[in-house]
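Chemist: Take this structure, written in structure tokens, and hold onto it; I'll ask about it next.
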Amino acid sequence: MAQDALKTWAGKWALITGASAGIGLEFAKLLAAGGANLVLTARRADRLKNTASELSAQYRVKIEIFSADLLRPEAPVEIFNFTSGKNIEVELLINNAGFGAFGYVHEIPVEKMLEMIQVNCSAVVRLTRLYLPLMVARKHGDVLIVASLASFQAVPFSTVYAATKAFDLSFAEGVAEELRGSGVRVCALCPGTTNTEFQQVAKQPERVFRSAEPAEKPARVGLEALAAGKAYVISGFMNKLMKEGQRLAPRRFVTRTAAKMMRP
Ligand SMILES: NC(=O)c1ccc[n+]([C@@H]2O[C@H](COP(=O)([O-])OP(=O)(O)OC[C@H]3O[C@@H](n4cnc5c(N)ncnc54)[C@H](OP(=O)(O)O)[C@@H]3O)[C@@H](O)[C@H]2O)c1
């Protein structure tokens, strides 16, 4: 059943942002193994090149790479123009690129926080808005948006990051419902702590991510949920349990508990 889900996109094109590392790289591996052709994008072109040559040799799929910095507001249009220019019909768009920043809001440079909003939210809206009309017109297509377990609550010391991920979840669920019955599916993947370069980039202390999942796990869970038509999915049993606990407890208690875990 799970393997079948990964073959949903066999022979079709999937576009993955943030494909140079972590969860994005695992999406690329799983989709290539399922027979999908890939467009990989991120800033680090060398990594994309290596992944493309390895996966295309191993799975005999077509892979295009396009290096782009999603901090630049024009980047989504450039990615769209790249795929249109090659007559690539993107059947699956995975908005995965993202990053966090750890610390007090009054100390993190404001530019860094606005950059997070740009990559984690604005670029997601722009890319989705570019590809959706084509999907709606042809009555099929899939969009996966990588949100987070942090989408469900405030996370002090990752405050802006958690707020961007709340946006992603809300955006995905809203669009999923708008397009219900249209043939276009939208799903938010909510991973808990995952073993990637994320913590290093966010300068997050080690103790905050004790029980990290391997990156392959949320990638697989996300693709399976999308294929099953779910509007959102949480990766991992303990993470699901944690989210249910958050829902039942008073919001202030949930925020304070998170602060205790995260405090620098
Ligand atoms: N790891 C976790 O614990 C965790 C938990 C929940 C949700 N998530 C979410 O999962 C997604 C993937 O993160 P990850 O954990 O796999 O982290 P990661 O290993 O740091 O990978 C992040 C990816 O995003 C790309 N990226 C970052 N800034 C970019 C920019 N300005 N322009 C284009 N691409 C950019 C990076 O590529 P380049 O640096 O090459 O550009 C990289 O490929 C993110 O949306 C993150 O918020 C992660």
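Chemist: Within the set of pairs 6+ apart or on separate chains, which have a first residue in region 76-104 that is free of Cβ contacts under 8 Å to residues at least 24 places away in the same chain, a second that is away from the ligand (no atom under 14 Å from the Cβ) and open to solvent by 40 Å² or more (accessible area, probe 1.4 Å), and C-beta atoms under 8 Å apart?
Modeler: Correct list of pairs: LYS86/GLU64.
Chemist: Just one of GLY18, GLY103, GLY22, GLY35 is on the phi > 0 side of the Ramachandran plot and in contact with a strand residue (DSSP E or B) (Cβ under 6 Å, 6 or more places away or on another chain); which is it?
Modeler: GLY18
Chemist: While we're on this one: Determine whether ALA137 is without any contact (Cβ under 8 Å) to a residue 12 or more places away in the chain and either surrounded by 22 or more Cβ atoms within 10 Å (Cβ to Cβ) or more than 10 Å from the ligand (Cβ to nearest atom) (or both).
Modeler: Details: without any contact (Cβ under 8 Å) to a residue 12 or more places away in the chain: yes; either surrounded by 22 or more Cβ atoms within 10 Å (Cβ to Cβ) or more than 10 Å from the ligand (Cβ to nearest atom) (or both): yes.
Yes: the conditions hold for ALA137.
Chemist: Can I ask one more? Any idea how many residues of region 151-192 are open to solvent by less than 30 Å² (accessible area, probe 1.4 Å), within 13 Å of the chain's Cα centre (by Cα) and closer than 14 Å to GLY100 by Cβ?
Modeler: Final tally of qualifying residues: 6.
Chemist: Another question, if that's okay. Any chance you could count how many residues in region 145-169 are within 11 Å of the ligand (Cβ to nearest atom) and either in contact with a strand residue (DSSP E or B) (Cβ under 9 Å, 6 or more places away or on another chain) or over 30 Å from ARG252 (Cβ atoms) (or both)?
Modeler: Within region 145-169, residues that are within 11 Å of the ligand (Cβ to nearest atom) and either in contact with a strand residue (DSSP E or B) (Cβ under 9 Å, 6 or more places away or on another chain) or over 30 Å from ARG252 (Cβ atoms) (or both) number 10.
Chemist: Return the only residue of ASN50, ASN87, ASN81 being among the polar types (S, T, N, Q), in a loop (DSSP other than H, G, I, E, B) and modelled with pLDDT of 95 or more.
Modeler: Within the list ASN50, ASN87, ASN81, the selection yields ASN87.
Chemist: Continuing with this model, one more query. Which residue out of LEU93, LEU40, LEU71, LEU55 is within 16 Å of the ligand (Cβ to nearest atom), within 18 Å of the chain's Cα centre (by Cα) and not in a strand (DSSP E or B)?
Modeler: Just a single option satisfies the conditions, and that option is LEU71.
Chemist: Related question: Which residue is farthest from the ligand (Cβ to nearest atom), if the candidates are limited to region 173-203 and must be free of Cβ contacts under 8 Å to residues at least 40 places away in the same chain and either under 30 Å from VAL136 (Cα atoms) or among the aliphatic types (A, V, I, L, M) (or both)?
Modeler: Among those that are free of Cβ contacts under 8 Å to residues at least 40 places away in the same chain and either under 30 Å from VAL136 (Cα atoms) or among the aliphatic types (A, V, I, L, M) (or both), it is GLY181.
Chemist: Another question about this same structure. Taking the condition of being touching a Cys at 6+ places or on another chain (Cβ under 9 Å) and either assigned to a helix (DSSP H, G or I) or of a type outside the set (D, E, K, R) (or both), how many residues in region 122-162 meet it?
Modeler: Selection size over region 122-162: 10.
Chemist: Search region 29-42 for residues that are β-branched (Val, Ile, Thr) and pair each with any residue that is in a strand (DSSP E or B) when their beta-carbon atoms are under 6 Å apart and the residues are at least 6 apart or on different chains.
Modeler: Here the result reads VAL39/LEU15; VAL39/GLU64; THR41/THR17; THR41/PHE66, each pair linking region 29-42 to a residue that is in a strand (DSSP E or B).
Chemist: Any idea which of PHE167, PHE171 is assigned to a helix (DSSP H, G or I), in contact with a Cys (Cβ under 6 Å, 6 or more places away or on another chain) and closer than 28 Å to GLY236 by Cβ? Lay out the reasoning, then the answer.
Modeler: Values: PHE171 fails: in contact with a Cys (Cβ under 6 Å, 6 or more places away or on another chain).
On inspection, the qualifying residue turns out to be PHE167.
Chemist: From LYS12, LYS29, which residue is more than 12 Å from the ligand (Cβ to nearest atom) and either within 13 Å of GLU216 (Cα to Cα) or at pLDDT below 95 (or both)?
Modeler: On inspection, the qualifying residue turns out to be LYS29.
Chemist: Could I ask something else about it? Being surrounded by 11 or more Cβ atoms within 10 Å (Cβ to Cβ) and free of Cβ contacts under 8 Å to residues at least 60 places away in the same chain is true for just one of ARG263, ARG220, ARG252, ARG256. Which residue is that?
Modeler: That would be ARG256, the only listed residue that is surrounded by 11 or more Cβ atoms within 10 Å (Cβ to Cβ) and free of Cβ contacts under 8 Å to residues at least 60 places away in the same chain.
Chemist: In region 80-99, what residues are farther than 26 Å from VAL160 by Cα and either of a type in the set (A, V, I, L, M, F, W, C) or open to solvent by less than 50 Å² (accessible area, probe 1.4 Å) (or both)?
Modeler: Residues satisfying the conditions are PHE80, PHE82, THR83, ILE88, VAL90, GLU91, LEU92.
The values are calculated or read from the model by the stated rules, or taken from the named source; none is laboratory data. Just so it is clear, the structure is predicted and the values come from calculations on it, not from any experiment. When we count neighbours, we look across all protein chains shown, and the Cβ atoms used for this are built from the backbone with ideal geometry, even at glycine. Ligands, DNA and RNA are excluded from the accessible area calculation, which covers all protein heavy atoms including side chains. Shrake-Rupley method; radii C 1.70, N 1.55, O 1.52, S 1.80 Å.
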